[in-house]
Ligand code: NAD
Ligand code: MN
């Protein structure tokens, strides 16, 4: 190409790049108001006092202590939940051991599969009840719990049920045996889904489990125990003990567990890794992240804006693989950010039970304070701040408007630390290499999103990224058949898919 032509092309390009789309921000672009569309809570019957599910029975906690779980949308107590002591945890582990040796490892694999299929089908039948309860206890919008969480929970049980009698095909040429009793500790952001990720592969491979849900979201795990009863599982195959960090520590440190599976913070993951290092327990850790989107100038822009919004704002940013960093090619950065502002000003933050709500409540006051701390720190550092929503925040409960910091330096705290809330950090790049090195410049490595019309560009970028999951022209898509997990401080091992069976078996 002649230099002149090149210049002309460059000019044309930079002209279009500098053109700013006219959008109204700070204000909902709609003239009409949405009517309230609340989902009824009548379908759930919440017990005032919730006991421990050990050996197929509902048992009182040995020390008689209970703690409350709140509805983060109004800050009110939903129920009292038993706090399991070390003695209760010991009882649960013993029950699991007895069930493992007495029945579960002995029954034919296709019988195990039948029980797991039964759990999946009951979950589908009771899906609405689970969705409402999840939304009440966690604060996530009913749209999410109804259309994402609960369907994925059922499909995880279906998927793993299918493997139960086909393990020879999962590990061709090898004989596999179960490992025994699994101790499983999960967080509050996907309470029932994380329980499914843990329990389904463990049962399919012939293990028995003791699961501890997070202290702010124990109710759907307890309802799952009812389903397990309903499905007629032998007593002790699944035990659910509730409590906080102390109960979790007693469980993972119990000498008679063979495997520890933990999802939660990197901080607690480290404590567990240290404790388990002195034993021969198997360990998987699913920890935090600071995942990045890379948006090239040739991407379908509206689609990419939607993906970025979905990746960080929906589910209040309470997603370990949230796309919390946006790297956008410099030539389109201005337009992209304007479009993002417009889209953000249409987001409806509010009552999680309302079917129109996009962003619900932050799970706890503690998390909300943590998020606000990060926002204030970034404001003090002087980064350009923007926040918007189509609705005013409710007067009670724990809520945070979606927001971003624009044009932040890669040393900025908001660019490096996991916020676990609806807060996005935006930066730009000029070359694919710069995008890749910025994306990789983090102690985490959970996920990434690459946006381009060119498959070869996506492929090349993906090969350079150190992340466990890389989405192309989409984000936060899950399927029980694909493995999930991270590099570095994001964790060890994989969950889901055939890979997710591996931590629960001994391969001969
Ligand atoms: P957390 O690590 O404090 O708690 C997670 C679970 O561990 C809870 O059930 C808790 O009771 C239990 N726990 C706490 N201390 C323990 C101990 N010493 N021993 C054993 N168990 C203990 O995490 P959190 O603050 O409740 O959750 C938010 C964090 O979790 C975020 O930072 C996020 O990165 C991470 N997370 C990661 C994933 C993932 O899949 N990678 C998923 C969800 C959350
Ligand atoms: Mn709660």
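So what's the range 416-459 giving for Rg/Rh, alpha carbon basis, Kirkwood Rh from the mean inverse pair distance? Walk me through the numbers before you get to the answer.
On the way: Rg = 12.1 Å, Rh = 12.3 Å.
That ratio equals 0.98.
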Q.
Could you work out how much longer the chain between residue 226 and residue 355 gets when fully extended? Use 0.36 nm per residue separation minus the Cα distance between them, nm to one decimal.
A. 43.8 nm
Q | Residues residue 101 and residue 278, FRET efficiency given R0 of 30 Å [Cβ-Cβ distance, rounded to 0.05] | A | 0.75
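Among 177-188, 125-136, how do they line up by average Cβ neighbours within 10 Å per residue, starting with the highest? List each step's numbers first, then the result.
Values: 177-188: 24.1, 125-136: 22.4.
Peptide ranking by packing, descending: 177-188, 125-136.
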Q. Using the alpha-carbon atoms, what tilt in degrees (0 to 90, nearest 10) does helix 127-138 show relative to the longest principal axis of the chain?
A. 70 degrees
Q) Taking the Cα atoms only, what angle lies between the long axis of helix 109-125 and the longest principal axis of the chain, rounded to 10 degrees? A) 60 degrees
Q | Rounded to 5, percent antiparallel among DSSP beta bridges of the range 350-508 | A | 40 percent
Q) Assuming a viscosity of 1.567 mPa s and a temperature of 4 °C, what translational diffusion coefficient in µm² per second does Stokes-Einstein assign to the range 87-131, Rh being the Kirkwood radius over Cα pairs? A) 103 µm²/s
Q. Hey, can you rank 69-77, 246-254, 104-112 by average C-beta count inside 10 Å, highest first?
A. 246-254, 69-77, 104-112
Q) So what's the gap between the Cα centers of the range 186-225 and the range 410-489, to the nearest angstrom? A) 28 Å
Q) How do 174, 499 rank when sorted from fewest to most other Cβ atoms within 10 Å of their own Cβ? A) 174, 499
Q) How long is the gain from residue 110 to residue 365 if the chain were fully straight, where each residue apart is worth 0.36 nm and the alpha carbon distance is subtracted? A) 87.2 nm
Q: Please identify which residues in the range 341-382 have an amide N closer than 15 Å to a label point set 7 Å out from the Cα of residue 413, following the Cα→Cβ vector.
A: 369-382
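Take the Cβ-Cβ distance between residue 463 and residue 306 as r, set R0 to 25 Å, and report the resulting FRET efficiency rounded to the nearest 0.05.
Numbers: r = 26 Å, r/R0 = 1.02.
Rounded to the nearest 0.05, the efficiency is 0.45.
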(Q) Quick check on the exposure proxy: order 137, 36, 354 from fewest to most C-beta atoms within 10 angstrom. (A) 36, 354, 137
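Express the relative contact order of the chain as a whole percentage, based on alpha carbon pairs under 8 Å and six or more residues apart in sequence. Provide the component values of the computation, followed by the final result.
Working: 1141 pairs, mean separation 93.8, N = 508.
Relative CO of the chain lands at 18 percent.
Can you give the Kirkwood hydrodynamic radius of the range 292-481 from its Cα pairs, in Å with one decimal?
Kirkwood hydrodynamic radius for the range 292-481: 16.6 Å.
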Q: Calculate for the chain the 222 nm mean residue ellipticity that helices alone would give, adding -39,500 (n - 2.57) per DSSP H run of length 4 or more and normalising by residue count, nearest 500 deg cm²/dmol.
A: -11500 deg cm²/dmol
Q: Take the Cα coordinates of the chain, assign each an equal point scatterer, and use the Debye formula without solvent to give log10 I(q)/I(0) at q = 0.07, 0.09 Å⁻¹.
A: -0.39, -0.64
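What is the order of 216, 391, fewest Cβ neighbours within 10 Å to most?
Values: 216 24, 391 21.
Exposure proxy ranking, most exposed first: 391, 216.
Taking every DSSP beta bridge that has both residues in the chain, what percent is antiparallel when rounded to the nearest 5? Present the calculation step by step, with values, prior to reporting the outcome.
On the way: 21 of 61 bridges.
Here the share of antiparallel DSSP bridges comes out near 35 percent.
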Q | Label-point separation in nm, residue 147 to residue 45, each point 7 Å along Cα→Cβ | A | 3.1 nm
Q. In angstroms, what radius of gyration and Dmax does the range 90-191 have, counting Cα atoms only?
A. 16.4, 47
Q) Cα centroid distance between the range 237-308 and the range 355-374, in Å? A) 20 Å
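Kirkwood hydrodynamic radius, computed over distinct alpha-carbon pairs, for the range 140-193: how many Å, to one decimal? Walk me through the numbers on the way to the answer.
Details: mean 1/r = 0.0727 Å⁻¹.
Averaging 1/r across every pair of different Cα atoms and inverting gives 13.8 Å.
Where a number appears in this text, it was derived from the coordinates with a stated rule and is not lab data. Since the structure is predicted, the reported quantities are computational estimates derived from the model, not experimental observations. Positions of Cβ are backbone-derived with ideal geometry, glycine not excepted, and every protein chain shown enters the neighbour counts.
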